[in-house]
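Peer 1: One structure is given below, represented as C-alpha coordinates, and several questions about it will come after.
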Amino acid sequence: MRAVVTVVGKDKTGIISKVSTFLAERNVNILDISQTIMDEYFAMIMLVDLGRADIELAALAEQCREMGAGIGMSVHVQHEDIFNAMHSI
(Lines give C-alpha, C1' and ligand atoms only; values in the text may rest on other atoms or scores of the structure.)
Protein backbone atom coordinates (compact mmCIF):
# COMPACT_ATOMS: atom_id res chain seq x y z
CA MET A 1 0.00 0.00 0.00
CA ARG A 2 1.16 3.51 -0.77
CA ALA A 3 0.47 6.72 1.13
CA VAL A 4 1.15 10.43 0.77
CA VAL A 5 2.96 12.30 3.55
CA THR A 6 2.75 16.09 3.61
CA VAL A 7 4.90 18.31 5.82
CA VAL A 8 4.32 22.07 6.17
CA GLY A 9 5.64 24.71 8.55
CA LYS A 10 8.27 27.33 9.23
CA ASP A 11 11.59 26.35 7.70
CA LYS A 12 14.33 25.12 10.01
CA THR A 13 17.36 22.87 9.80
CA GLY A 14 16.85 19.10 9.84
CA ILE A 15 13.20 18.69 8.79
CA ILE A 16 13.89 16.22 5.97
CA SER A 17 16.29 14.28 8.17
CA LYS A 18 13.86 14.03 11.07
CA VAL A 19 10.88 12.97 8.96
CA SER A 20 12.80 10.49 6.80
CA THR A 21 14.51 8.93 9.84
CA PHE A 22 11.16 8.65 11.61
CA LEU A 23 9.69 6.83 8.59
CA ALA A 24 12.73 4.58 8.13
CA GLU A 25 12.55 3.48 11.78
CA ARG A 26 9.07 2.11 10.95
CA ASN A 27 10.23 0.41 7.72
CA VAL A 28 8.35 2.90 5.56
CA ASN A 29 10.09 3.30 2.19
CA ILE A 30 10.18 6.73 0.54
CA LEU A 31 9.43 6.30 -3.18
CA ASP A 32 9.41 9.96 -4.23
CA ILE A 33 9.96 13.27 -2.50
CA SER A 34 9.51 16.90 -3.44
CA GLN A 35 10.20 19.86 -1.22
CA THR A 36 10.34 23.59 -1.57
CA ILE A 37 10.90 26.69 0.51
CA MET A 38 8.40 29.51 -0.04
CA ASP A 39 9.69 32.63 1.69
CA GLU A 40 10.15 31.29 5.24
CA TYR A 41 7.85 28.28 4.89
CA PHE A 42 8.86 24.70 4.17
CA ALA A 43 6.57 22.39 2.18
CA MET A 44 7.27 18.74 1.38
CA ILE A 45 5.28 15.91 -0.13
CA MET A 46 6.40 12.29 -0.11
CA LEU A 47 5.01 9.20 -1.77
CA VAL A 48 5.77 6.26 0.52
CA ASP A 49 5.37 2.49 0.40
CA LEU A 50 3.97 0.79 3.50
CA GLY A 51 4.39 -2.75 2.13
CA ARG A 52 7.10 -3.66 4.67
CA ALA A 53 6.08 -1.22 7.39
CA ASP A 54 5.73 -2.54 10.91
CA ILE A 55 2.81 -0.19 11.61
CA GLU A 56 -0.75 0.27 10.31
CA LEU A 57 -1.66 3.40 8.33
CA ALA A 58 -3.88 4.90 11.05
CA ALA A 59 -1.21 4.46 13.72
CA LEU A 60 1.45 5.88 11.41
CA ALA A 61 -0.73 8.91 10.68
CA GLU A 62 -1.20 9.57 14.40
CA GLN A 63 2.48 9.11 15.22
CA CYS A 64 3.48 11.41 12.34
CA ARG A 65 1.05 14.06 13.57
CA GLU A 66 2.56 13.83 17.06
CA MET A 67 6.14 13.84 15.74
CA GLY A 68 5.31 16.86 13.58
CA ALA A 69 3.90 18.75 16.54
CA GLY A 70 7.10 18.00 18.42
CA ILE A 71 9.21 19.66 15.71
CA GLY A 72 6.78 22.51 15.05
CA MET A 73 5.50 21.14 11.72
CA SER A 74 2.16 19.94 10.39
CA VAL A 75 2.62 16.34 9.21
CA HIS A 76 -0.26 14.42 7.60
CA VAL A 77 -0.41 10.90 6.18
CA GLN A 78 -3.17 9.76 3.80
CA HIS A 79 -3.75 6.63 1.77
CA GLU A 80 -2.73 7.39 -1.83
CA ASP A 81 -6.25 6.72 -3.16
CA ILE A 82 -7.83 9.21 -0.73
CA PHE A 83 -5.21 11.84 -1.56
CA ASN A 84 -5.83 11.35 -5.30
CA ALA A 85 -9.61 11.51 -4.89
CA MET A 86 -9.37 14.74 -2.90
CA HIS A 87 -7.14 16.37 -5.50
CA SER A 88 -8.84 15.36 -8.73
CA ILE A 89 -11.48 17.30 -10.59
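The values are calculated or read from the model by the stated rules, or taken from the named source; none is laboratory data. Computed from a predicted model, the values in this text were never measured in an experiment. Areas reflect the complete protein model, heavy atoms only, side chains present, ligands, DNA and RNA absent. Shrake-Rupley method; radii C 1.70, N 1.55, O 1.52, S 1.80 Å.
Peer 1: Summarise the accessible area of the chain (1.4 Å probe, protein heavy atoms) by the percent that is carbon and sulfur.
Peer 2: Within the chain, the accessible surface is 53 percent carbon and sulfur.
Peer 1: Leaving out ligands, DNA and RNA but keeping every protein chain, what accessible area does K18 have, in Å² rounded to the nearest 10, with a 1.4 Å probe?
Peer 2: For K18, solvent-accessible area is about 100 Å².
Peer 1: Another one. Per residue, how much accessible surface does the chain expose to a 1.4 Å probe? Answer in Å², no decimals.
Peer 2: Result: 60 Å² per residue.
Peer 1: Leaving ligands, DNA and RNA out of it, work out the accessible area of E66 with a 1.4 Å probe and give it in Å² to the nearest 10.
Peer 2: Solvent-accessible area, nearest 10 Å²: 100 Å².
Peer 1: Next question, about the same structure. Given 0.36 nm per residue, what is the gain on full extension from T21 to I37 after removing their alpha carbon distance, in nm?
Peer 2: Residue separation times 0.36 nm, minus the Cα-Cα distance, leaves 3.7 nm.
Peer 1: So if I take the alpha carbon set of the chain, get Rg, then get Rh from the Kirkwood formula, what is the Rg over Rh ratio?
Peer 2: 0.95
Peer 1: Could you work out the relative contact order of region 11-79, using alpha carbon pairs under 8 angstrom and six or more residues apart, expressed as a whole percent?
Peer 2: Answer for region 11-79 is 24 percent.
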